[in-house]
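Engineer: Below you'll find the structure I mean.
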Amino acid sequence: MSMKNNKFGDIKSRVQEIIDFVALKNYVTASIKIKEVSDSLDELLDVSPDEDDVMEISRYKILLNQLLRKMSFE
């Protein structure tokens, strides 16, 4: 498994955990986890010269923002 897959595999599992918390309406924990994952994505963005990585990071950031919006409407 490449370094890229490791990096995004961890992010993917953490985002799935957030989705699970949102489904359970555990918004406090979901919000905390969103902040942690968002910070991790920002760090990856700072050190990633690869355009594909930047696109993948952007997709996750959009998903996190959608989850935040979903929580704010419930």
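The values are calculated or read from the model by the stated rules, or taken from the named source; none is laboratory data. Please read all numbers here as calculations on a predicted model, not as lab measurements. With ligands, DNA and RNA removed, areas are computed over all heavy atoms of the protein, side chains included. Shrake-Rupley method; radii C 1.70, N 1.55, O 1.52, S 1.80 Å.
Engineer: Based on DSSP H runs of at least 4 residues, each adding -39500 (n - 2.57), what is the mean residue ellipticity at 222 nm of the chain after dividing by all its residues, to the nearest 500 deg cm²/dmol? List each step's numbers first, then the result.
Structural biologist: Working: 3 runs with 65 residues, N = 74.
Only helices count here, giving -30500 deg cm²/dmol.
Engineer: Whole number in Å², please: accessible area per residue of the chain, 1.4 Å probe, ligands, DNA and RNA not counted. Show your work: numbers first, answer last.
Structural biologist: Numbers: 5040 Å² over 74 residues.
With the other protein chains kept in place, the chain gives 68 Å² per residue.
Engineer: Please compute the Kirkwood hydrodynamic radius over the chain, one decimal place, Å, based on all pairs of different Cα atoms.
Structural biologist: Details: mean 1/r = 0.0791 Å⁻¹.
Taking the inverse mean of 1/r over all distinct Cα pairs, the chain comes out at 12.6 Å.
Engineer: Still on this structure, please answer the following. By how many nm would the segment from ARG14 to VAL47 lengthen if fully extended, with 0.36 nm per residue of separation less the alpha-carbon distance? Please report the intermediate quantities before stating the final value.
Structural biologist: Values: separation 33, 0.36 × 33 = 11.88 nm, distance 2.01 nm.
Result for the pair: 9.9 nm of gain on full extension.
Engineer: Step through the residues of the range 7-13 one at a time and calculate ³J(HN,Hα) from phi using the Karplus curve (6.51 cos²θ - 1.76 cosθ + 1.60, θ = phi - 60°), rounding each to whole Hz and writing x for Gly and Pro.
Structural biologist: Once θ is set to phi - 60°, the couplings for the range 7-13 become 4, 7, x, 5, 4, 4, 5 Hz.
Engineer: Further, regarding this structure: Once fully extended, how much extra length lies between ARG69 and GLU36, figured as 0.36 nm per residue of separation less the alpha-carbon to alpha-carbon distance?
Structural biologist: On the way: separation 33, 0.36 × 33 = 11.88 nm, distance 1.69 nm.
Between ARG69 and GLU36, full extension yields an extra 10.2 nm.
Engineer: Mind listing the phi-derived Karplus ³J(HN,Hα) values for the range 59-71, rounded to whole Hz, using 6.51, -1.76 and 1.60 with θ = phi - 60°, and x for any glycine or proline?
Structural biologist: After applying 6.51 cos²θ - 1.76 cosθ + 1.60, I find 4, 5, 4, 4, 4, 4, 5, 5, 5, 4, 5, 4, 5 Hz.
Engineer: Residue by residue through the range 28-44, which ³J(HN,Hα) values in whole Hz follow from phi under the Karplus form 6.51 cos²θ - 1.76 cosθ + 1.60 (θ = phi - 60°), with glycine and proline marked x?
Structural biologist: Using θ = phi - 60°, the values come out as 5, 5, 4, 5, 4, 5, 4, 4, 5, 5, 4, 4, 5, 5, 4, 5, 4 Hz.
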